[in-house]
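Below is one structure, written out as structure tokens; the observations come after it.
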Amino acid sequence: ELIGLVASATNVTERKLFEHDIQEKERRFSLLAEFAPVAIYETDASGQCIYVNKEWRTLAGMDSKSAMGDGWQQGIYEKDRASVFTHWNKHAKDSLPWEMEYRFCTPEGEVSSVIGQAIALRNDDHAVTGYLGVNVDISERKMAVEELRSSEERMELALSGAGLGTWDWDLITNG
């Protein structure tokens, strides 16, 4: 004999759409991060690496597995490590955005100049849960600036040796 029946029905359509939307956004972000022309990394709150993208792996000359934990530190040029860690710790202590120019070095000795930047990731309670950062390879730009500086020095030396000078004339202001 049936005494009572309790039934419940829940419409899960909205939740399924929300989950699908989140998965699609995560997929797009993963593709963007993996193929971005800048090195991208993520650490946990203690600075242990949990993600590096393709460009980061290329700059450091190591695979993802080698970069995890504190393995990422081997990607920083040995002579720059102490200053990078000092600067990083100073900013991480106060959860400040971090930016610094330094060098990467592959195990084969290929050195790249980078500008590194990172920001703290926070949870809903504003506690730091990790850091997200990028490294932009500025090696070619630095070489171009050095070549221009060297060219200007040679030009000044040649003009000086020849007893010549230069002048500028602004056609717009006639001055």
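Condition (residue is of a type outside the set (S, T, N, Q), farther than 22 Å from G71 by Cβ and part of a helix (DSSP H, G or I)) applied to segment 129-140: is it met by at least one residue? Before the answer, list the steps.
The first filter runs over segment 129-140 and keeps only residues of a type outside the set (S, T, N, Q), leaving 130-134, 136-138, 140.
Next cut, farther than 22 Å from G71 by Cβ only: 138, 140.
Cutting the leftovers down to part of a helix (DSSP H, G or I) gives us 140.
So far as segment 129-140 goes, yes, one or more of its residues are of a type outside the set (S, T, N, Q), farther than 22 Å from G71 by Cβ and part of a helix (DSSP H, G or I).
Take V145 and decide whether it is open to solvent by less than 100 Å² (accessible area, probe 1.4 Å) and part of a strand (DSSP E or B). So that I can check it myself, show each step before the final result.
Numbers: open to solvent by less than 100 Å² (accessible area, probe 1.4 Å): yes; part of a strand (DSSP E or B): no.
So V145 fails the test.
Taking only pairs six or more apart or across chains, which ones have beta-carbon atoms under 9 Å, a first residue in segment 152-166 that is on the phi < 0 side of the Ramachandran plot, and a second residue that is modelled with pLDDT of 80 or more and open to solvent by less than 100 Å² (accessible area, probe 1.4 Å)?
L164/A158
Pick out the one residue from L59, L31, L121, L17 that is open to solvent by less than 60 Å² (accessible area, probe 1.4 Å), among the aliphatic types (A, V, I, L, M), out of contact with any Lys or Arg (no Cβ under 9 Å at 6 or more places or on another chain) and assigned to a helix (DSSP H, G or I).
Numbers: L31 fails: open to solvent by less than 60 Å² (accessible area, probe 1.4 Å); L121 fails: assigned to a helix (DSSP H, G or I); L17 fails: open to solvent by less than 60 Å² (accessible area, probe 1.4 Å).
None of the other options fit; the residue is L59.
Taking segment 85-101 on its own, how many of its residues are charged (D, E, K, R) and in a helix (DSSP H, G or I)? Full working, then the answer.
Kept after step one, since they are charged (D, E, K, R), are these residues of segment 85-101: 90, 93-94, 99, 101.
From the residues that got through so far, the ones that are in a helix (DSSP H, G or I) too are 90, 93.
Adding up the residues that qualify gives 2.
Within segment 84-115, can you find the residues that are among the hydroxyl-bearing types (S, T, Y) and surrounded by 13 or more Cβ atoms within 10 Å (Cβ to Cβ)?
Here is the first cut: in segment 84-115, the ones among the hydroxyl-bearing types (S, T, Y) are 86, 95, 102, 106, 112-113.
Correct list: S95, Y102, T106, S112, S113.
Please verify whether I50 is in contact (Cβ under 8 Å) with a residue 60 or more places away in the chain, open to solvent by less than 60 Å² (accessible area, probe 1.4 Å), hydrophobic (A, V, I, L, M, F, W, C) and not in a helix (DSSP H, G or I), treating the condition exactly as stated. Walk me through it before giving the result.
On the way: in contact (Cβ under 8 Å) with a residue 60 or more places away in the chain: yes; open to solvent by less than 60 Å² (accessible area, probe 1.4 Å): no; hydrophobic (A, V, I, L, M, F, W, C): yes; not in a helix (DSSP H, G or I): yes.
No: the conditions fail for I50.
Tell me yes or no: at least one residue of segment 75-83 is under 14 Å from A39 (Cα atoms) and either of a type in the set (S, T, N, Q) or surrounded by 11 or more Cβ atoms within 10 Å (Cβ to Cβ) (or both). Can you show your working first?
Initial filter on segment 75-83 (under 14 Å from A39 (Cα atoms)): 75-76.
Filter again for either of a type in the set (S, T, N, Q) or surrounded by 11 or more Cβ atoms within 10 Å (Cβ to Cβ) (or both), leaving 75-76.
Yes.
The values are calculated or read from the model by the stated rules, or taken from the named source; none is laboratory data. What you are looking at is a predicted structure, and each value in this text was computed from that prediction instead of being measured. Note that each Cβ is placed from the backbone with ideal geometry, even for glycine, and that neighbours are counted across all protein chains shown. Just the protein is used for accessible areas: all its heavy atoms, side chains included, with ligands, DNA and RNA removed. Shrake-Rupley method; radii C 1.70, N 1.55, O 1.52, S 1.80 Å.
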